[in-house]
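Enquirer: My questions will all concern the structure given below.
Bear in mind that the values in this text are calculations on the coordinates, not laboratory data. Bear in mind the structure is a predicted one, so any value in this text is a computation, not a measurement. Note: ideal-geometry Cβ built from the backbone for every residue, glycine included; neighbour counts use all protein chains shown.
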Amino acid sequence: MTLQHPAERGGDRRGRFERMAESASNVTGSPAFYCFCVLLIGAFVTVHFVPVPVPWMIFVGDMMAAVSLLLLALLKNTERRAEHALQRKLDAIAAVLLELDEDGPNSRKAHESLRSAIRMDEDV
């Protein structure tokens, strides 16, 4: 376990968890997952109105809690990666503005940094 920011772990390459979290974010944003959640909520409501054994009620409630917990973890991971990407973009914009103010329009280093920061959405 590490206490580093999720976007800073492993340097420029993304680790197994980051790739899995991104894939899971894509799945949880899909219409199929929405339908799964609606069905799960329907099952949760149904087991309270239809006489079913208590273990089934507990199972459906546990499934709801598990899905909620996983979605919370994925949401936090995605939020942190987006926050880090936004901060890097703001830093690059600030560097370009400072460089233009100090060196004039002939400087290219900050411009290249800004270009790479703008394309960061594709990497994060």
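Enquirer: Please report, in cubic angstrom per residue, the volume enclosed by the convex hull of the alpha-carbon atoms of region 34-99.
Expert: Considering the Cα atoms of region 34-99, their hull volume per residue is 73 Å³.
Enquirer: Based only on other Cβ atoms within 10 Å, what is the fewest-to-most ordering of 19, 81, 88?
Expert: Lowest to highest Cβ neighbour count: 19, 88, 81.
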